[in-house]
Every structure is written in structure tokens, then in C-alpha cells.
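Down below is the structure, laid out as C-alpha cells.
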Number of protein chains: 2
Amino acid sequence: MVEPVERFLVLWAEIADLGHAMGLLSWDQETHMPRAGGGARARLQATLAGVRHARLVAPELEETLERCAARAEPESALAAQVREARRILGRVRCIPERLARAQAEAAAAGHEAWTAARAARDFAPFRPALERLVQLAREEAGLLTAPGAPLAGCGLYDAFLDEHEPGARVGDVGLLLGDLARELVPLVRAAAASGRRPDPGAARGEFAPERQLAFAREIAERFGFDFARGRIDAAPHPFCSGFGRDDVRLTWRYDAHDLRPALFGILHEAGHGLYEQNLPSEWQRTPIGGAVSLGVHESQSRLWENLVGRSRAFWIWALPRLHASFPGARGIALDALLPLLHTAEPSLIRVEADQGTYDLHVCVRFELERALFAGELEVADLPAAWDEAYARTLGLHPRDAAEGVLQDIHWSMGAFGYFPTYTLGNLIAAQLFAAARAELGELDALFARGEFRPLREWLGERIHRHGSFHPAAELVRRATGRALSSADYLAQRRADVREYYGVA
Amino acid sequence: MVEPVERFLVLWAEIADLGHAMGLLSWDQETHMPRAGGGARARLQATLAGVRHARLVAPELEETLERCAARAEPESALAAQVREARRILGRVRCIPERLARAQAEAAAAGHEAWTAARAARDFAPFRPALERLVQLAREEAGLLTAPGAPLAGCGLYDAFLDEHEPGARVGDVGLLLGDLARELVPLVRAAAASGRRPDPGAARGEFAPERQLAFAREIAERFGFDFARGRIDAAPHPFCSGFGRDDVRLTWRYDAHDLRPALFGILHEAGHGLYEQNLPSEWQRTPIGGAVSLGVHESQSRLWENLVGRSRAFWIWALPRLHASFPGARGIALDALLPLLHTAEPSLIRVEADQGTYDLHVCVRFELERALFAGELEVADLPAAWDEAYARTLGLHPRDAAEGVLQDIHWSMGAFGYFPTYTLGNLIAAQLFAAARAELGELDALFARGEFRPLREWLGERIHRHGSFHPAAELVRRATGRALSSADYLAQRRADVREYYGVA
């Protein structure tokens, strides 16, 4: 007679393995798969997804889970396992196979229509596909928020927020992002009005690709990324995939004349990777063994990329190394480089936006998504609403849909409620960094000597090692001593604009 | 109501996908996995193997298979599907889970004991592990050959031969290998007695690794390997893995001072790869969609590596290209290189053996494996039997077990009956090549102009496109007009010794 907890963990470990196999096949598709392999790969992934889904809805899993629930002490790890498993299974069980299949098909068609529409720089060919995706998403959210369902009583948009950021609700997120937009809009205007502009040539030089990789790799290793348990490969876009804490993979891309895309891309992904590599080993392959939310994950990448990697102290240590590594970049000077790394100039494309304005792009998407699922906006009116929001928020006017409403891939795959996690990551990163500073003392002196271990260990202790034991909001509160707010992040943004634009 | 054939093919396609996922994870482990990832990877593979096994033994598969059998016309593709599925399932169903698990554990322990024993150059520490492996293998073979079992009436060793070379039996294989040894032993002696020795420096030069890859890759492409559906990566040992015909991967390794390991390694694997890439597209993910046997697979690699890649005609075309690619290898001359590529000098290590003596290494292993499973030899007596066989066959005496009985990995993992397929591959390759020549006319004139398409298309037509529709022996008979014999291969061996040693 197998003990139910033991049996539950065996069943869950196999579900986790199937997820890791799918993750590895996706990584391979982005990095190494021969270009004709896509059809077979899609079928293979569909098979694994089907096997995994069947395991998630199997009666034995449900039974053992409920027997675990009956014997879980409050506050125990088992109680957390039960909470997370119920959350995950609650979502899975709510979505009928018919709907999941329709969504997968609509996402495939949506991605195709979006690619064509973006090439034609015209929203019209994408509109029917997006309407279908929104309709199915509304249906999904309706099921998830119906009486008796896991998110009963919540609004439709909450169903998507909760998927990526468990526990997040539109009211709280709206307050945080509202505060942010209210302060950032005048700050960005003040920067523009200051008349100062960083020298766009301040980071230019000749950067041999293999040296870019070696340089960024060395810094990632110094941050603590363990290459015995990870690697970096080239890919069309940078990402981080973890298949358990002993196998964490980053990707990168480069510009031969500008070190920034490769360097900050790798530092960003290394931040994700540090989280993955330091998840709790004793809870691997269990419901609480993984990262707790996308926002917390993003906080780790943003912290290492922006709060460490763009700091003056970091560059005091890194710039001589950069000069030694790249003879063709000896002209890069600290006092010209730093303003460029803290630019705040409105731009139309989110993925190319600077740190100073990035969150305003997210605020626009949040506002539109919220309206779409509150029934205040229809897909047909989205392009006009987009343009109006960009004019109001960033003072810019897209020339066409490719520069506007069609720029991001997310909606084309039916991913709603994802964008806010980027900005939540910024807020969490700033609050964590302020707390670390308050406890560890002046980090700048350490960074200037290339010492990052105290910060990494602090993050390991406060964030990484907890996996999903605590819900995200609780984890942040415990790590920093208070609930998440936009205060630390706004203080940073103001300090940057003061320092580099002389205003605010 | 789903039609049973349709349902059977869906079930089998998912089983094939699970196998492909496992194959890709193995490929990744050999090529890219971070070194600490092995533990998690082993668990992941065990999960996938368990899922696949459960699908293979599921009653629904058996039921739909028998309903397919009832409606399959003789000689039809469906009849072949039924035949292959029954063969595969017959083996799987015969092995109780307890035995499969014990074998997996014994193989893991065996591999560890073998590694340690080889390092100590002493058979003793490996002996208990090998005894356990042989005992379990005898048990497995006993089940497979018991009355009512798939191989009822066969000998124990047949059970292993049949696993790798379906339909092969110890009597037939023994006849082929016996003929071969009888002729090769005096031939190799005559070569040694000739007093001629090829110049071991005739292939030496400076070969930058990335150019080695580019050079071999260009030839593989010229042979017809499609890089839109395949790739080459570095790995500790060369192999070919296919995950469907649109995703076929080769690996390579190199010696910076000798082009041969990389070049012939890649040409060999490209031969395997051409088979995989040209398997029948309409039967992908079905029981007859894959390669029919290891011997036939090996015939494709040996044919391109040896019969094309070592031929004078090929080098008339390739040598100027080699000189142009490697300024540090301009001294390599056709008339010194060719004898070196057709050496026949007894050596102790199989994987380093030349083409002229390679099969004698296989004959020794076949003789010993056959005796082990005929009850004529015990593990304790294996080292002495090994040394006696090497003295008799190759006239050589290993200094210790590392140079002798411990050299190959196969037994340490419980793989018996695998070695003969290497030599069957040589025999099949020679017979196919002779048949192609008889039909296509003088291939040498084509090779000397770098034209390989007629040969590749002939192989595609006669071998690749059939998948496992015909059993291997039947496929060879149809392709060449007669049953497999050692005649063509021996004629080749004699011609080589005559040409390069002036004897025989």
C-alpha cells in the first residue's frame, strides 16, 4: 500500500518531466532544429501535451491530492503543495478539451494572420483572427470565473492575470500601474524638455561576436550563473528555459556594432537563470518546485540587467574589462555611456524602448486588454484606441499598424494578461533591491570591485529557495517587509532622470 | 465510431512520437546538455520510457491491432504494419516489468563497473556485473524463445540477433561469418607477408577543425544529405539520430593532424542519415516507417564511407578540393593516400581497426557471444577465450584486459547480438554496390566527376523508400536479385589486397 503523499509526488514528478521534455523540445526548435523539422515537431509536442493533459485530469491524481489535503498541516510544505496543485488542476479541469483545441487552432491561425498583416502593415487581415481569439478567451475566462469555478466572482480579465501572476487581480494591478503612469508621463516629458540627449554613439565600437559572448558569459558567471548547470546558445530572440535546476539554458543574439543587445540580453536572461538554478532542490518536480510567478521571475532578470548591469558602480568594474576585450571599443567612456544606459525618450516599439519609458508601453497594453475584457472595447476599435493611447501616454503617433497595434506577438497567440508581468517585475525588482541595500549596506562598493555574491545570496535566501511555497505577493512582503508598491521603482526613475537629464 | 485502422495508426503515431522525444533527449545529452544535468535527464527518460511502455502494452492497442489483422489483405501495407507491430509488441509483452527494471539497473551498474575495470585494466572487478547481465539476458532470451513466445523453438542467442536484425538466426549468420573468417584470415596474413606497408604519414597535414567540418559537410551534401532536414554537431563519438525524415542529426569529432576521423566519420554517419531522410514519408510514425534492421542501416553507412569514400574515383574528384581547402595538406598525394585508406594490418582495438581486418574483430565477438548463450562458455572464462581467439584469428596478444576483453562498451550495457550487424552491414553494402554497378554502369566515371546522385537514387529506390515493408533479408534479395552472401564483399577484400599489397 503506497502512502498517498508519496504516490501523489510520483504522479506529479512525471507530469513535471513531461513539461520539461516539452520545454527542451521548444528550446531545441528555437536553437538547433533543422528548418524543415517544424511539422513533425508540432505533432510531437501535441502528443506530449496530450499525454501530460491526460495525466493532469486522471482521477488517481485527484484522489491522492484530496487524501494529501486531508493530512496536510496548516503552513506545511504539504499544504503549499496541495494549494498549488489545486490551483493548477482547477484551471486545467475548467477548460473542456473542445475549447483547448479551438484555442490551439485559433492561435496557429492567429499567428499566421498576424505575420501576414504585419508584413502588409495593415490591421484588417488580422482582425477576424483576433476576434476569434478574443471570443474564445472570453469563453475561457467565463468558465474560470463562473460560480463554483476556481476564480468565481472575479472579472474576466482576472482569469488571465491569475494565469501568469497567481493571485493578481485587475484592481490591484490597475492601482500600481495607474500610480506609475501618473508619475512617469510628466517625468518623461520633463526629460524631453530638458534639452539634454545622451550621445547615441557612446556605446558604439567594433564587437566581434564570439568576444561579445565571452565577455557577457564571464559577467554572467561572475553574477553566479553556473555553467556546469547551464549554457548559452544563439537564437532569433533571447530567452531562458529551465528543465530543473541542473539544466538551465539562455539564448542570445548580437549586433556587431553595438554591445548592448548581447550584453544586456544575456544579463537579463542570466537573472532568470539564477532564479531557475537556485530553486529549492528538495521540491524539484513538485507543484511548489518552480518559479512562483512571471512577475517575480521578471524581477530577477530586470534586477540583474538594470539595477546591477546599468549602474555606475558595475561599470567602474566592467569598463576596463570591456576595453581590454574589445580594442575597437576603447573610445567608450564612462560619462558618455551611463546617460545612454539611462535614456528616457519616447519611442513607438516596446521591445526597443528604453528603461525610462518601457513601462508606459505596458500601461497602454494593460489599459486596452482591460477594456477588451470589460466589454468596453471591441477588436474593430482597437487600432484607433491604440493610437489614442500612444498619443496621450507617450505623445507619439504610429505611422501604421505595424508600428502600432500589430507590433507584439502575444495577442496573435491568444496570450492576454501577460504584459503587466513585465512591469510588475520592474516594481518587484526595485523593492527587492532597496531592501537588499538596506540590509547589506552599500552594494555599490561591492559592484565596483566585481563582487556580486552577497546580493545573489540574499536573493537566493529571500526569493529563489522558496520556489512556490508562498504566493507571490506574500513572498515579496516577506522578502521586503511590506506589500508591493511602485514607490521604490518611481524613486529610481526620478533619480535617473535627475542625474542624467538634470530635471525632476 | 472510429475505424480500427485509423485508430491503430493514431495510437502508434503517439508511440513513435514518444520514441522520437526520447531520441532527441539522448542526442541533446551527447551534444549540448550541461554536465550536471545527467541525473535529471535519467529521470526524465525513465518517465518517457514508462509512458511509452504503458502505451505499448495497452489493451486498446492490442485490440485495434487484431482488428487490423482481420482486415489486412496479404502483401498489403496493412499486412506489413500488422507483422511489424506484432513483432515489436511480442517482444515487449514477453518481458515482465520486474525483469526490464532489473536489466536497467544491471546495465547502469555494469557500465560503472566496466568503466572502473577498464581504468584498472583488470577484468576481475567487472566480472560479477557481467555475470549478472548475462544471467538476466539468458532469462530474457529464455522467455522470448519459450513455447508460445514470439521466437519459440529458436536458440537463446537468436533472441538477441533478432532484436537488432529481425529474422536473423545464429545458423545463417554463423555461415556468413564463418565463410568470411575462413577467407579473411589467410588474406590478412598474405598482406602482412607481402612486406609492403602503406606510409602512415600519407594522410597527415594541418587541418583546422572548422575547415574539416566544412569540407566533410560539403561532401555529405554532395552525396545528397539535406541540411534543411538535418545538421551536424560535435560530440564525444560520432553517431546519427533521426526523429522522422525531416530531422536527422549527425555528430562528429576530429583530430587536428589527421583528416580521416572527421571525414570518414561524417561520411559514415551521412550514409545512415541518407537512409533516415529518405524513409517513406507516407508511413512515417507507423510500424513500417523506420529502418528495417541495424545491418541494413549499417550497409548504408559503410557503402558511402568505404565503397564511395575510399575509392580511387572519389579521390580523383576530392583530392584537388582537399588541397584547396587545406594549404597545410598540399603534400597529400593520391598514390600514397589510397594504400593507407585500404590498409589490412591486424590490430587489437576494434574501433581503430582498418577496413581489411575489421570483420575479424566482429567474428571474435560473435564466436564468444554464441558460446556464452549456448552454455559452452562462462563469464569467468571469457578473458582466456578472448585472448585465444585473438591469437588464432588476428595473431595478436593483448597485453591486458583493457586491450582485450574490456575494450567495447556493448556488453557492459547488456547489449548482446549487436556486433554481427556491423559485418552484416559490410556484406549487404558490397552486394548492393555490385548490383548498382551492374545496373548503372561504371560508377567510377561518375564519382570522378563528383556525381553521386544516380547511386543515391538507386539506393533510395531499392532500400530507403521501403522502410520496414519487407523483412531485411527479403529487401536485400529484391534489391540485388539474390540472397545475401559474403561473395561480393570477399571479392572486394581480395581486390584491395591485390591492388595495395600485390598479393592474393
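The values are calculated or read from the model by the stated rules, or taken from the named source; none is laboratory data. Please read these numbers as outputs of a predicted model, since none were measured by experiment. Cβ atoms come from the backbone with ideal geometry, glycine included; neighbour counts cover every protein chain shown.
Numbers below:
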item	result
Which numbered condition B:THR421 misses (of (1) without any contact (Cβ under 8 Å) to a residue 60 or more places away in the chain; (2) in a helix (DSSP H, G or I))	(1)
Search result, residues across the range A:258-275 that are more than 26 Å from A:GLY19 (Cα to Cα) and either of a type in the set (Lys, Arg) or within 12 Å of chain B (Cβ to nearest Cβ) (or both)	A:ARG260
Test result for A:GLY155, surrounded by fewer than 16 Cβ atoms within 10 Å (Cβ to Cβ) and over 21 Å from the mean Cα position of the chain (by Cα)	no
Top-ranked residue of the range B:133-169 - restricted to ones that are touching a Cys at 6+ places or on another chain (Cβ under 8 Å) and hydrophobic (A, V, I, L, M, F, W, C), ranked as farthest from B:ALA100 (Cα to Cα)	B:ALA149
Flag if B:ALA70 is more than 14 Å from chain A (Cβ to nearest Cβ) and either more than 23 Å from A:ARG55 (Cα to Cα) or in contact with a strand residue (DSSP E or B) (Cβ under 9 Å, 6 or more places away or on another chain) (or both)	yes
Any chance B:ALA21 is within 11 Å of another protein chain (Cβ to nearest Cβ), touching a helix residue (DSSP H, G or I) at 6+ places or on another chain (Cβ under 7 Å) and either small (Gly, Ala, Ser) or at positive phi (or both)	yes
Hits in the range B:39-69 - residues which are farther than 16 Å from B:ILE88 by Cβ, surrounded by fewer than 17 Cβ atoms within 10 Å (Cβ to Cβ) and of a type in the set (A, V, I, L, M, F, W, C)	B:ALA42, B:ALA46
Residue check for B:GLU269: assigned to a helix (DSSP H, G or I), farther than 28 Å from A:ASP28 by Cα and in contact with a Leu (Cβ under 7 Å, 6 or more places away or on another chain)	no
Residue list for the range A:372-423, restricted to those being surrounded by fewer than 21 Cβ atoms within 10 Å (Cβ to Cβ) and hydroxyl-bearing (Ser, Thr, Tyr)	A:THR393, A:TYR418, A:TYR422
Residue list for the range B:217-227, restricted to those being buried (at least 18 other Cβ atoms within 10 Å of the Cβ) and assigned to a helix (DSSP H, G or I)	B:ARG217, B:ILE219, B:ALA220, B:PHE223
Every residue from the range A:238-258 that is surrounded by 24 or more Cβ atoms within 10 Å (Cβ to Cβ), aliphatic (A, V, I, L, M) and over 15 Å from the mean Cα position of the chain (by Cα)	A:VAL248
Filter result (under 22 Å from A:LEU440 (Cβ atoms) and without any contact (Cβ under 8 Å) to a residue 40 or more places away in the chain) within the range A:464-481	A:ARG477, A:ARG478
Which listed residue is closer than 21 Å to B:GLY265 by Cα, among the charged types (D, E, K, R) and assigned to a helix (DSSP H, G or I), from B:ASP335, B:ASP359	B:ASP359
Meets criteria (within 20 Å of A:ALA402 (Cβ to Cβ) and modelled with pLDDT under 95) for A:GLU352	yes
Test for B:SER299: is it polar (S, T, N, Q) and in a strand (DSSP E or B)	no
When residues of the range B:241-257 are limited to those that are among the small types (Gly, Ala, Ser) and touching a Lys or Arg at 6+ places or on another chain (Cβ under 8 Å), the one nearest to the other protein chains (Cβ to nearest Cβ)	B:GLY244
Of the criteria (1) within 14 Å of another protein chain (Cβ to nearest Cβ); (2) more than 30 Å from B:LEU65 (Cα to Cα); (3) of a type in the set (Gly, Ala, Ser), which one B:GLY309 fails	(1)
Extreme residue, nearest to the chain's Cα centre (by Cα), among residues of the range B:315-332 that are in a loop (DSSP other than H, G, I, E, B) and either surrounded by fewer than 16 Cβ atoms within 10 Å (Cβ to Cβ) or not aliphatic (A, V, I, L, M) (or both)	B:PHE326
Tally, over the range B:228-240, of residues that are under 14 Å from B:LEU267 (Cα atoms), within 11 Å of chain A (Cβ to nearest Cβ) and assigned to a loop (DSSP other than H, G, I, E, B)	0
Every residue from the range B:46-60 that is more than 9 Å from every other protein chain (Cβ to nearest Cβ) and aliphatic (A, V, I, L, M)	B:ALA49, B:ALA54, B:LEU56, B:VAL57, B:ALA58
Hits in the range A:24-38 - residues which are exposed (fewer than 15 other Cβ atoms within 10 Å of the Cβ) and within 7 Å of another protein chain (Cβ to nearest Cβ)	A:ARG35
Failed criterion for B:ARG43 (all others in (1) within 8 Å of another protein chain (Cβ to nearest Cβ); (2) modelled with pLDDT of 95 or more hold)	(2)
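For every residue, the table says whether it meets (1) out of contact with any helix residue (DSSP H, G or I) (no Cβ under 7 Å at 6 or more places or on another chain); (2) over 24 Å from B:ARG437 (Cα atoms).
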residue	(1), (2)
B:SER281	yes, yes
B:TRP304	no, no
B:ALA324	yes, yes
B:PRO346	no, yes
B:ARG350	no, yes
